[in-house]
Amino acid sequence: MREVAFFTALIPLSFVLAVATFIALFFVNAPYGRHTRQGWGPKVSNRLGWLVMESPAAVFFAAFFLLGSASRNLPSFVFLGMWEAHYLHRAFIYPFRIADGRKTMPVLIPVMGFVFNSGNAYFNGRYLFDLSGGYPVTWLADPRFIIGVTLFVVGYATNQWADRALFHLRTSAESGYKIPYGGLFGWVSCPNYFGEIIEWVGWAVATWSLPGLSFAIWTIANLAPRARAHHAWYRANFSDYPKERKALIPGVW
């Protein structure tokens with residue numbers, strides 16, 4: 001019962017922290033990638049940083065699945081597959097594909113990412129595979145599940161396509177940035193972030209849960225300000241950057 005009370009107390013706190021983070025990130029860009037700068041303490045390689053901050057989400061969520069008391073039926077396997085499709089790639093494949101993996105990021109970034117992803121895996125995994133009591137097989141036919149999974153798949157495909165396009169912009173011997181073209185890049189500067197937001201909005205709908213909604217809001221809180229910062233960076237560094245592009249949402253913002 002004490003864990004249930006603790007878990008319940010986390011829900012409003014999570015929403016408050018997400019809103020605070022959203023506001024703060026419009027004023028302070030997280031110092032990694034193209035926004036790396038001095039003054040944030042010791043650094044580690046980008047590859048190690050991504051591995052450290054993303055792996056807890058994959059590992060801990062799987063542990064909650066294995067140790068949870070809820071029935072391991074088809075809905076639970078689908079949720080496991082959705083989550084791990086994203087995080088196994090993000091933790092163990094993505095870091096070794098990025099061209100700037102030899103660059104560095106402040107240690108603070110993977111430490112904060114490790115804490116966030118550990119908490120997020122707990123929040124979602126513990127709820128789905130234990131505290132929720134499990135989802136019945138009939139949930140597979142629920143419109144919320146069908147719409148949510150569809151959104152997740154569309155978002156995942158968009159995110160993967162955009163990442164692949166960015167990977168192919170330069171060779172491993174190149175260190176500078178280039179303007180991406182083609183597909184959704186004709187509309188927005190950050191279709192990878194747009195896709196990831198759609199993914200986790202789909203997750204929130206498919207799970208129809210407060211932890212899922214919290215994660216979707218956190219995703220927006222982290223990625224919307226960063227998309228804005230990327231968009232401003234492109235415009236400041238490329239005089240020929242397409243003026244019709246928006247930062248994140250095609251035709252809107």
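The values are calculated or read from the model by the stated rules, or taken from the named source; none is laboratory data. Only a predicted model underlies this, so the values are computations on that prediction, with no experimental measurement involved. A quick note on method: Cβ atoms are made from the backbone with ideal geometry, for glycine too, and the neighbour counts reach across all protein chains shown.
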Could you check segment 46-75 and list, in sequence order, the residues that are crowded, with 16+ Cβ neighbours inside 10 Å and charged (D, E, K, R)? Arg47, Glu54
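Can Ala20 be described as in contact (Cβ under 8 Å) with a residue 24 or more places away in the chain, on the phi < 0 side of the Ramachandran plot and in a helix (DSSP H, G or I)?
Against the criterion (in contact (Cβ under 8 Å) with a residue 24 or more places away in the chain, on the phi < 0 side of the Ramachandran plot and in a helix (DSSP H, G or I)), Ala20 does not qualify.
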How many residues does segment 23-45 contain that are surrounded by 18 or more Cβ atoms within 10 Å (Cβ to Cβ) and assigned to a helix (DSSP H, G or I)? 1
Which condition number in (1) under 23 Å from Thr36 (Cα atoms); (2) in contact with a His (Cβ under 7 Å, 6 or more places away or on another chain); (3) of a type in the set (D, E, K, R) is the one that Arg235 fails? (2)
Verdict on Phe129 being surrounded by 19 or more Cβ atoms within 10 Å (Cβ to Cβ), at negative phi, in a helix (DSSP H, G or I) and over 17 Å from the mean Cα position of the chain (by Cα): yes
Does segment 13-21 include one or more residues that are loosely packed, with under 11 Cβ neighbours inside 10 Å, outside the structural domain of Thr104 (by TED's automatic domain parsing) and more than 30 Å from Thr150 (Cα to Cα)? no
Scan segment 170-203 for residues that are farther than 21 Å from Ala157 by Cα and either among the polar types (S, T, N, Q) or touching an Asp or Glu at 6+ places or on another chain (Cβ under 7 Å) (or both) and jot them down. Thr171, Ser172, Ser175
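Being touching a residue at least 40 places away in the same chain (Cβ under 8 Å), part of a helix (DSSP H, G or I) and within 23 Å of Ile147 (Cα to Cα) narrows it down to one residue among Phe79, Phe114, Phe60, Phe64; which is it?
Of Phe79, Phe114, Phe60, Phe64, the one residue that is touching a residue at least 40 places away in the same chain (Cβ under 8 Å), part of a helix (DSSP H, G or I) and within 23 Å of Ile147 (Cα to Cα) is Phe79.
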Consider Ile98 carefully, then state whether it is modelled with pLDDT under 95 and either not aromatic (Phe, Trp, Tyr) or not assigned by TED's automatic domain parsing to the domain that holds Leu48 (or both). yes
Does at least one position in segment 215-228 carry a residue that is among the polar types (S, T, N, Q), surrounded by 24 or more Cβ atoms within 10 Å (Cβ to Cβ) and within 30 Å of Asp130 (Cβ to Cβ)? no
